Amino acid sequence: SLADGTEPIEAADSLEAALRLLLEQEGVYLDVRSALNNGRSAYQILQQNSQKQAENFTGCNLSSVLYYISKGNYVLAMTDASSAELIVGYDAQNIFLLNPLTGKTTKLGQKDAAAKYEACGNVFFSFLK
């Protein structure tokens, strides 16, 4: 499982690192940078390279996405065109975010996180277990 102490992923940006980490958790090792450079979206990369069903939760609010976290899924949250973080857990007040570039988990208040993701367009992707 993804948790604090995850090995950092060497990548050009956090989107590449987050995609690689999600795919590697599924046993898929892919040149994500080449796929991104060839114009494939994060969702296309997840959808086309895993046996699990990739889901696009774009437009859903954070509280809806937390349902999938409660079912044991990790959610990739876009913060801009080339930046992403992984939501790996939550409690009553906070969400827990894994930075794939550092391997460190931090927490962010749910209200602050909801406002942050809404400002970024509420763009979320995941695999369903």
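Please list, in order, the residues from segment 11-26 whose amide nitrogen is less than 19 Å from a point placed 7 Å along the Cα→Cβ vector of residue 48. Inside the label zone: 15-24, 26. Extension gain for residue 115 to residue 33 (0.36 nm times residue separation, less C-alpha to C-alpha distance): 26.6 nm.
Where the centre of each part is set by its Cα atoms, how far does segment 103-129 sit from segment 47-101, in angstrom? Each part reduced to its Cα centre gives a spacing of 6 Å. Ignoring any ligand, DNA or RNA, what whole percent of the accessible area of the chain comes from carbon and sulfur when the probe is 1.4 angstrom? The nonpolar share, carbon plus sulfur, comes to 45 percent. Here the contact order of the chain, divided by its residue count and restricted to Cα pairs under 8 Å and six or more residues apart, works out to 33 percent.
With the whole protein complex present, residue 66 retains an accessible surface near 10 Å², based on a 1.4 Å probe. Rounded to the nearest 20, the size of the Cβ-charge dipole of the chain about its Cα centre is 280 debye, with Lys and Arg at +1 and Asp and Glu at -1. Taking the helices alone, the chain has a mean residue ellipticity at 222 nm of -9500 deg cm²/dmol, built from -39,500 (n - 2.57) per DSSP H run of at least 4 residues and averaged over all its residues.
Each residue was assigned an accessible area with a 1.4 Å probe, and for residue 91 the value is about 60 Å².
The values are calculated or read from the model by the stated rules, or taken from the named source; none is laboratory data. Everything numeric here is computed off the predicted structure, so don't read it as measured data. Note that we place each Cβ from the backbone using ideal geometry, even for glycine, and neighbour counts take in every protein chain shown. These accessible areas exclude ligands, DNA and RNA; they are computed on the full protein's heavy atoms, side chains included. Shrake-Rupley method; radii C 1.70, N 1.55, O 1.52, S 1.80 Å.
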